[in-house]
Structure formats: C-alpha cells, structure tokens
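**Student:** Sending over a structure as structure tokens; questions will come in a sec.
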Amino acid sequence: MQVKGKAQLLRYTADPEQTIALAAKLCYSGDEIDELIEKIGEKDNAKFIEILTKMNHFSPFEHASFTFAVEGVSRALLAQITRHRIASFSVRSQRYVSEGEFNYVLPPAIEALGDEAVHKYERQMEQMLRWYREWQNVLGNAGEKSNEDARFVLPNACETKMIVTMNARELMHFFSLRCCNRAQWEIRDIAWQMLGQALAVAPAVFGNSGPGCLRGACPEGKKCCGLAAEIKEKQVALRKSCLADNA
Ligand SMILES: Cc1cc2nc3c(=O)[nH]c(=O)nc-3n(C[C@H](O)[C@H](O)[C@H](O)COP(=O)(O)OP(=O)(O)OC[C@H]3O[C@@H](n4cnc5c(N)ncnc54)[C@H](O)[C@@H]3O)c2cc1C
C-alpha cells in the first residue's frame, strides 16, 4: 500500500518560551530562582527570546524539547534524518517487525508520469515483496533471524515510522537545512510539517525558522534556488495559519 509522510507533534516541554527565558535570565540575574520564576511568569517572553536570537545566545533554547511521531516515510528519509546527531530517535525495527506486508512511498516525480509509470512502480514493489517473503521462508519463516537478512532485498521506498525528539536549538538548525529547497522533497515536506506544529506552540522561538534565506542571503551560493521571495511568503502564510489555529 502507498503511504504519505506525516509528522505529528506528540509532546513538548511545558511553557517552552518561559523555560528558555528562565534559563537565559538566570545567566544575567542575581535573583533567587523562585524570584526569577515569578518574574518570568508575569512577562511576555517573546521580546527577550528575540534578543537572545540576535545575540546568538542559543544554549537556553536547548532546555525546550519537542517530540514528533513521523510515519509514512521511506527508509531513504530515515538515512537523512538520522544524520542529525543531536536528535534522539526510536525507529521501528526491521528485525523484530516483519516487512511481509510493507507499505511504500511513491515519489511525486514518478506519480507525475502517469498511470503507466505508477503501475510499473507498484509491480516493482510487489516483486521486491515476493523476494523478501521468499528469503524469509528460506531463512526460517519470518522470525527475527530471517527478517534481519531478508530485508536486504527491500527498497529504500519501504515505509518506516519513528519517534524523534529534538531540542529547540537543534530543531531550528534542522529547519534551516531541511526546509530549504536544496533538501530532498520528502524530508523537506516533513520538516515543513514539523515547523508548522512547532510554530503553533512556540511562535517566539520558531517565528523566524526555516531555510537560511529567510534571515539573510541564501547560504547555498551557486546552488541557490532563487526562490527566496516565494519561500518567505510560504513561511509567513504558515505562521499566520498556525497562529490563527491557535488563537
Ligand atoms: C541538501 C543536503 C545535501 C546533503 N548531502 C549529503 C551528501 O551528499 N553526503 C552526506 O554524507 N551527507 C549529506 N548531507 C547531510 C549533511 O552533511 C549533514 O550530515 C546533515 O545535514 C546533518 O547536519 P549537521 O551535522 O549540521 O547536524 P547535526 O548532526 O544535527 O548537528 C548539529 C550541529 O551540532 C554540531 N555538531 C554535531 N556533531 C558534531 C561533531 N561531532 N563535531 C563538531 N560539531 C558537531 C555542528 O555544529 C552541527 O551543525 C546533506 C544535507 C543536506 C541538507
């Protein structure tokens, strides 16, 4: 069965903006912690978070964490997202869980070629499923030991699911790289979904998040997509819709 990528914000640090502001204020204040907590609770922390960002004082952002469920994505995406070393991952195992009925991701470029191309792709997936089951049987009938070797014939398109936790600093970095048009379409789509959900709960933190071109010159040099204005519009529209949903 074909599947499409979906990210869902499951949990996050309570009052993420207050938590970040408290951690930062502590650095600059002689107050007792209880006094600080009281003062922080009364204040609008958005302005302070803006100042921290301008100062590049990012370590307080590490105290707010965000946990997402990501599903309907390919093992190709898994190889990319797990390069982000500061994030924490729990991924569905291909040893303990049989892929005897595996779902797969259809790249939009193949879908755009029309029905014939899509059917060809589906037949190829079915072929790989047959090969997989064949090896499962030869190797010992769908147990952990047979799964671990039978999976070598599975495609990169094979669906995986994971729980991903990142702190706000790592998330901002992730959005810079993976919301960029230079990033591959599947991880880019997931990154924008995650950005929308993070924005909705911590607008002061993620209000300016997204590819580097939102905050200055495109960092991609000659590989620049030239679409900074469109990206800005997309981010502004996302921000507005997330904040409206949350109002
Ligand atoms: C468009 C694009 C194309 C890519 N193409 C390729 C490719 O062809 N081949 C390939 O192998 N990868 C490729 N990558 C992956 C890329 O090289 C990074 O591995 C990935 O984006 C994770 O980035 P990161 O290391 O900055 O992030 P994280 O691992 O999340 O780390 C965040 C930051 O923490 C710091 N940090 C983390 N670990 C260390 C450390 N050990 N030492 C010092 N500082 C550290 C760094 O400042 C880092 O930027 C590509 C990525 C993108 C976005």
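The values are calculated or read from the model by the stated rules, or taken from the named source; none is laboratory data. Model, not experiment: these values are computed from the prediction. Counting neighbours? That spans all protein chains shown, and the Cβs are built from the backbone with ideal geometry, glycine included.
**Student:** Please go through segment 65-97 and pick out each residue that is under 16 Å from the mean Cα position of the chain (by Cα) and of a type in the set (Gly, Ala, Ser).
**Tutor:** Answer for segment 65-97, where residues must be under 16 Å from the mean Cα position of the chain (by Cα) and of a type in the set (Gly, Ala, Ser): 65, 69, 72, 74, 76, 79, 87, 88, 90.
**Student:** Consider residue 70 against the criteria (1) within 16 Å of the ligand (Cβ to nearest atom); (2) within 24 Å of residue 11 (Cα to Cα); (3) without any contact (Cβ under 8 Å) to a residue 60 or more places away in the chain: it satisfies all of them except one. Which criterion is unmet?
**Tutor:** (3)
**Student:** Restricting to segment 138-163, give me the number of residues that are within 16 Å of the ligand (Cβ to nearest atom) and assigned to a strand (DSSP E or B).
**Tutor:** Here the count works out to 1.
**Student:** Moving on to the next point. Please go through segment 79-113 and give me each residue that is assigned to a loop (DSSP other than H, G, I, E, B), touching a strand residue (DSSP E or B) at 6+ places or on another chain (Cβ under 8 Å) and within 16 Å of the ligand (Cβ to nearest atom), ordered by number.
**Tutor:** Across segment 79-113, the qualifying residues are 82, 84, 86, 87.
Quick grid of which residues meet (1) of a type outside the set (S, T, N, Q); (2) free of Cβ contacts under 8 Å to residues at least 12 places away in the same chain; (3) within 26 Å of residue 188 (Cβ to Cβ):
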residue: 11; (1), (2), (3): yes, no, yes
residue: 18; (1), (2), (3): no, no, no
residue: 26; (1), (2), (3): yes, yes, no
residue: 37; (1), (2), (3): yes, no, no
residue: 41; (1), (2), (3): yes, no, no
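**Student:** Taking residue 181 as the residue in question, decide whether it is surrounded by 18 or more Cβ atoms within 10 Å (Cβ to Cβ), part of a loop (DSSP other than H, G, I, E, B) and not basic (Lys, Arg).
**Tutor:** Numbers: surrounded by 18 or more Cβ atoms within 10 Å (Cβ to Cβ): yes; part of a loop (DSSP other than H, G, I, E, B): yes; not basic (Lys, Arg): yes.
Considered against the rule, which asks whether it is surrounded by 18 or more Cβ atoms within 10 Å (Cβ to Cβ), part of a loop (DSSP other than H, G, I, E, B) and not basic (Lys, Arg), residue 181 comes out as yes.
**Student:** Looking for whichever is in a helix (DSSP H, G or I), more than 18 Å from residue 205 (Cβ to Cβ) and touching a helix residue (DSSP H, G or I) at 6+ places or on another chain (Cβ under 8 Å) here; the options are 37, 49. Which one fits? Working first, answer last.
**Tutor:** On the way: 49 fails: more than 18 Å from residue 205 (Cβ to Cβ).
Of 37, 49, the one residue that is in a helix (DSSP H, G or I), more than 18 Å from residue 205 (Cβ to Cβ) and touching a helix residue (DSSP H, G or I) at 6+ places or on another chain (Cβ under 8 Å) is 37.
**Student:** Outside the structural domain of residue 12 (by TED's automatic domain parsing) and buried (at least 20 other Cβ atoms within 10 Å of the Cβ), is that true of residue 136?
**Tutor:** Values: outside the structural domain of residue 12 (by TED's automatic domain parsing): yes; buried (at least 20 other Cβ atoms within 10 Å of the Cβ): yes.
It is true that residue 136 is outside the structural domain of residue 12 (by TED's automatic domain parsing) and buried (at least 20 other Cβ atoms within 10 Å of the Cβ).
**Student:** From the residues in segment 82-114 that are more than 30 Å from residue 172 (Cβ to Cβ) and β-branched (Val, Ile, Thr), which one is modelled with the highest pLDDT?
**Tutor:** Among those that are more than 30 Å from residue 172 (Cβ to Cβ) and β-branched (Val, Ile, Thr), it is 110.
**Student:** While we're looking at this one, here's another question. Mind telling me which of the residues 152, 102 ends up being over 21 Å from residue 191 (Cβ atoms) and buried (at least 18 other Cβ atoms within 10 Å of the Cβ)?
**Tutor:** That would be 102, the only listed residue that is over 21 Å from residue 191 (Cβ atoms) and buried (at least 18 other Cβ atoms within 10 Å of the Cβ).
**Student:** Among the residues of segment 93-134, count how many are in contact with a Leu (Cβ under 9 Å, 6 or more places away or on another chain) and of a type in the set (Val, Ile, Thr).
**Tutor:** 2
**Student:** If I ask for residues that are small (Gly, Ala, Ser) and in contact with a Phe, Trp or Tyr (Cβ under 8 Å, 6 or more places away or on another chain), which ones from segment 110-150 would you list?
**Tutor:** Initial filter on segment 110-150 (small (Gly, Ala, Ser)): 112, 114, 117, 140, 142-143, 146, 150.
If the condition is that a residue be small (Gly, Ala, Ser) and in contact with a Phe, Trp or Tyr (Cβ under 8 Å, 6 or more places away or on another chain), then 146, 150 are the ones that fit.
**Student:** Still on this structure, please answer the following. Please verify whether residue 166 is surrounded by fewer than 22 Cβ atoms within 10 Å (Cβ to Cβ) and within 14 Å of the ligand (Cβ to nearest atom), treating the condition exactly as stated.
**Tutor:** Answer is no for this residue.
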